[in-house]
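Comments concern the structure below.
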Amino acid sequence: MVTIKALYEKVYQSLKKDIKEGKYKPGDRIPSEKELSDIFEISRITSKRALGKLVEDGIVYRTQGKGTFVSDEGSKKTNSAQARKPLFGLIMTNFDDSHSFKLISGIDAASDEKCMIILKQTFGLAEKEEKIIKELLDFGVDGLIIYPAQAEHYSSEILKMVVDQFPLVLIDRSFKGVAATAISSDNVQAAKLGMEHLFDLGHEHIGVLSPTTIATTTIEDRFAGIVQAFSERNVRVNRELWCTEIKSTLPTPEATCEQDIELIKTYLKTHTDITALFTIEYKIAKLAQIAIEQLGLRIPEDISILCFDEPANSWDSMTFTHLQQKAKKIGETAVKRLLEMINGDCSIEKVEFPACLVEGDSTCQVMKKLPLSK
């Protein structure tokens, strides 16, 4: 892997060289964040990071309201001994599902003794994400791990960090055309695996349920995997069996769960040939379960359900057949990669982990369906 030095690392090395060669002597004030921004034509984020690294190494020290000054040998040793652990910000959409919990667990395990973590929640709202990013950068974090909000367009704050080569790792999804390290599941592979399971059970008329907003790489990749599975089986994709209008699972829902349940019931009455449902998210599987039961049908005898991510502790009698992601591994890898970044390696990587299929009570071989009452 080729190591690419971050912009802040180049500024840091330049200042360190000037100090070593005597341009700035012990006690001299060195340029401020703003002055460095003008000299090197960089952002304040980058200059702040460079000065922060000099302080951590004991080469300079800060005096509130006066500036940053070159240390003498004694203060250098003192500051070096007091160098703190890196501080990272972790921005999640929510903490209320199994996938998020496992991600946080992996991040916490990997950060032990190596770094400190500030955890924030956006509830999937792009505006809140942008506000939290600004707050964490102002607070002085050394890097960020972001589970991006369910938004079609990435935050302008994320783009600024990418341009500035600020240590940043995206988890769960990436953004097209944005050169940022992203660590996620292999959603194409996972969706193919799920569809192949349904095909192997004899299902041909398979419905797909997804949120109404599908413009994220995660959901797009899952649809791509579904289409590939059909193609590899030489089976025609019937997009009329796809329902992409579920709204109650969105960060700012335009519908209640009851409205979506009625939508799914109408959808199933319209497409009576469906024998299985592939739900893009676990929460949609729960809505489908209620809708099917309210129609007087049985799971899996009348309609099978397959979904992503079963909750770790489900008190329901129904255990869904699901695609289990390596969330903890994703979290651990995110921390490892961020630690590498703050040490100067800003290579851009895209890491994907395969999912595995866990069979539950919600799928079975195709059985002859009873007529669905209108």
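The values are calculated or read from the model by the stated rules, or taken from the named source; none is laboratory data. What you see is a predicted model, and the numbers here were worked out from it, not measured in a lab. Cβ sites come from the backbone with ideal geometry, for glycine too, and all protein chains shown count toward neighbours. Note: areas computed on protein heavy atoms with side chains; ligands, DNA, RNA excluded. Shrake-Rupley method; radii C 1.70, N 1.55, O 1.52, S 1.80 Å.
Here are some notes:
- Taking the criterion of being in contact (Cβ under 8 Å) with a residue 40 or more places away in the chain and open to solvent by 30 Å² or more (accessible area, probe 1.4 Å), the residues of region 215-249 that qualify are 215, 228, 232.
- Of the listed requirements (1) buried (at least 21 other Cβ atoms within 10 Å of the Cβ); (2) within 23 Å of residue 196 (Cα to Cα), residue 271 misses just one: (1).
- One residue stands out in region 123-179 among those that are free of Cβ contacts under 8 Å to residues at least 40 places away in the same chain and among the hydroxyl-bearing types (Ser, Thr, Tyr): the one that is surrounded by the fewest Cβ atoms within 10 Å (Cβ to Cβ), namely 156.
- Residue ID - farthest from residue 273 (Cα to Cα), chosen from residues in region 180-196 that are part of a helix (DSSP H, G or I) and open to solvent by less than 20 Å² (accessible area, probe 1.4 Å): 187
- Residue match in region 261-278 (condition: of a type outside the set (Ser, Thr, Tyr) and under 25 Å from the mean Cα position of the chain (by Cα)): yes
- If the condition is being small (Gly, Ala, Ser) and closer than 27 Å to residue 33 by Cβ, then region 122-179 contributes 140, 143, 155, 156, 179.
- Against the test of being among the aliphatic types (A, V, I, L, M), within 19 Å of residue 164 (Cα to Cα) and at pLDDT below 90, the options 7, 15 yield a single qualifying residue, 7.
Table: residues versus (1) part of a loop (DSSP other than H, G, I, E, B); (2) open to solvent by less than 60 Å² (accessible area, probe 1.4 Å); (3) modelled with pLDDT under 90; (4) among the aromatic types (Phe, Trp, Tyr).
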position: 25; (1), (2), (3), (4): yes, no, no, no
position: 35; (1), (2), (3), (4): no, no, no, no
position: 45; (1), (2), (3), (4): no, yes, yes, no
position: 53; (1), (2), (3), (4): no, yes, yes, no
position: 61; (1), (2), (3), (4): no, no, yes, yes
position: 65; (1), (2), (3), (4): yes, no, yes, no
position: 77; (1), (2), (3), (4): no, no, yes, no
position: 84; (1), (2), (3), (4): yes, no, yes, no
position: 90; (1), (2), (3), (4): no, yes, no, no
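- Scanning region 286-301 for residues that are open to solvent by less than 30 Å² (accessible area, probe 1.4 Å), under 13 Å from residue 260 (Cα atoms) and among the β-branched types (Val, Ile, Thr) yields one hit, 292.
- For first residues located in region 353-365 and closer than 15 Å to residue 99 by Cβ and in contact (Cβ under 8 Å) with a residue 40 or more places away in the chain, partners that are open to solvent by less than 20 Å² (accessible area, probe 1.4 Å) and part of a loop (DSSP other than H, G, I, E, B) and lie 6+ apart or on another chain with Cβ distances below 6 Å form the pairs 355/325.
- Consider region 337-357 and keep the residues that are among the charged types (D, E, K, R) and assigned to a helix (DSSP H, G or I). The one that is surrounded by the most Cβ atoms within 10 Å (Cβ to Cβ) is 337.
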